[in-house]
Every structure is written in structure tokens, then in C-alpha cells.
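Structure first, commentary second.
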Amino acid sequence: GVAPITLSASASSGLAVAFNVVSGPGTISGSTLTITGAGTLVVAANQVGNTNYSAAAQVTQSIVVNQATQTITFTAPTSPVTYGVSPIALVATGGASGNAVVYSVVSGPATISGSTLTITGAGTVVVAANQAGNTNYAAATQVTQSITVNQASQTISFTAPTSPVTYGVSPITLSASSTSGLAVTY
């Protein structure tokens, strides 16, 4: 990603020096070197001579081109949410490697499918976003977001027992249910 580099060399004869890429990710136009990827680049300087001077011995220089960095921008999901919330769409953009941003649950009660987070319980959910690198870009640093998941409220439906009753009546069966589906105690 570095800007084009101007190469400089001189021959003892005073004749013009020509440059070329011996190996590696780069191109040369005149004396301008353009880096086209990460790796080791070897550039040669040549002077072919003329009627008065013989050709100069080729001189090479190496340039190490490091991978570029990339970052992830991970939009924080709404927090807090309440258990029972609809699945949450995760949104993140990655760097220039072109690789997809991949999500994972670091901790907490949730699952992920693609970029959709499904809450499976109350607590704190930590989600990570990762992006792999490639030849020219290093992997992005992992970014995490936390979501607080509050307990859902519930109600009880309690069927009124028959009333009035007379002392000595057979045991009365009570009937109640909760919106959560959890057992009701009396």
C-alpha cells in the first residue's frame, strides 16, 4: 500500500542507469517502483555501456514488503435485551483482504449462524468478529461486543377452585400455569 518509490542510482561513467524487477511483487516504469504485493522484492540497476565504456556490473537491492494491516468495524448490537428477543443481525465490516468477517460466541447463552445471533438464555453474551488475512494483508485484530440479556417477565394463570365448599370435602386439585412454561408451585 506504500506510495510509488523513486529509485536512484548513478554509474561512474555518468551514463544513464536502467532499473528492472528481478523478482518479487513490483513493477518499474522509468525510475519509479510500484509495489504490487507483500514479499521480498529484488530490483536491479544496470548500465549497458557505450563505445567508450563497457557495461557496468549489475547491482541489486532487496526490499522487504510487509503485509498491510486491516481492521474490523463491529457495530455494537442493542444492549440490554430481554430473553425471548428475536434473532439479532450482527453488522461488521472488515479490511481490504476481501475475506468475510466471521462471527463467534466467545461466552454466554447464544448461538450464531452466519451473521445472525440467537439468544438462548439470560446473562451476558460476548460475540467476536474475526477476519482472516491473505498474502498481502495480515489478519485483522479480533473485535468483541457484549450484550446484556435480562430475564423475561412471566405471568401465572390460576384457575379459581370451586367455592364455597363444605368442610370435609375431598382434596381440591389446583390448576395454574405460567407463560414461561415453568412449573408453578403452591
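Thr60 meets each of the listed conditions (1) under 30 Å from Thr6 (Cα atoms); (2) of a type outside the set (A, V, I, L, M, F, W, C); (3) modelled with pLDDT under 95 apart from (3).
Taking the stated definitions as given, is Thr118 surrounded by 12 or more Cβ atoms within 10 Å (Cβ to Cβ), hydroxyl-bearing (Ser, Thr, Tyr), under 30 Å from Ala76 (Cα atoms) and out of contact with any Gly (no Cβ under 9 Å at 6 or more places or on another chain)?
Yes: the conditions hold for Thr118.
Check region 74-82 and report whether any residue there is under 20 Å from the mean Cα position of the chain (by Cα), closer than 30 Å to Ala139 by Cβ and among the hydroxyl-bearing types (Ser, Thr, Tyr). Within region 74-82, one or more residues are under 20 Å from the mean Cα position of the chain (by Cα), closer than 30 Å to Ala139 by Cβ and among the hydroxyl-bearing types (Ser, Thr, Tyr). Number of residues in region 128-158 that are surrounded by 10 or more Cβ atoms within 10 Å (Cβ to Cβ) and over 41 Å from the mean Cα position of the chain (by Cα): the value is 3. In region 169-186, which residues are more than 30 Å from Thr82 (Cβ to Cβ) and either open to solvent by 100 Å² or more (accessible area, probe 1.4 Å) or touching a residue at least 60 places away in the same chain (Cβ under 8 Å) (or both)? Listed by number, the residues that qualify are Pro171, Thr173.
Screening Thr166 on (1) among the β-branched types (Val, Ile, Thr); (2) in contact (Cβ under 8 Å) with a residue 12 or more places away in the chain; (3) open to solvent by 70 Å² or more (accessible area, probe 1.4 Å) shows it passes everything except condition (2). Of everything listed in (1) farther than 28 Å from Thr69 by Cβ; (2) in contact with a Phe, Trp or Tyr (Cβ under 9 Å, 6 or more places away or on another chain); (3) in a strand (DSSP E or B), the single unmet condition for Val184 is (3). Filter region 92-110 down to residues that are hydrophobic (A, V, I, L, M, F, W, C) and closer than 20 Å to Thr124 by Cβ, then give me how many there are. Final tally of qualifying residues: 4.
Residues that are under 23 Å from Ala68 (Cβ atoms), open to solvent by 60 Å² or more (accessible area, probe 1.4 Å) and of a type in the set (A, V, I, L, M, F, W, C) within region 89-115 comprise Ala96, Ala100, Val102, listed in sequence order. Considered as a group, the residues in region 20-64 that are in contact with a strand residue (DSSP E or B) (Cβ under 8 Å, 6 or more places away or on another chain), in a loop (DSSP other than H, G, I, E, B) and among the polar types (S, T, N, Q) include one that is most open to solvent (accessible area, probe 1.4 Å), and that residue is Gln58.
Every condition in (1) open to solvent by 60 Å² or more (accessible area, probe 1.4 Å); (2) assigned to a loop (DSSP other than H, G, I, E, B) holds for Ser79 except the one numbered (1).
Quick check: anything in region 94-107 out of contact with any strand residue (DSSP E or B) (no Cβ under 8 Å at 6 or more places or on another chain), under 30 Å from Ile5 (Cβ atoms) and either at pLDDT below 95 or of a type in the set (Gly, Ala, Ser) (or both)? Yes.
The values are calculated or read from the model by the stated rules, or taken from the named source; none is laboratory data. Just so it is clear, the model here is predicted, and its values are computed rather than measured. All Cβ positions, even for glycine, are placed from backbone atoms using ideal geometry, and neighbour counts span all protein chains on display. Side chains included, ligands, DNA and RNA excluded: accessible areas come from the protein's heavy atoms. Shrake-Rupley method; radii C 1.70, N 1.55, O 1.52, S 1.80 Å.
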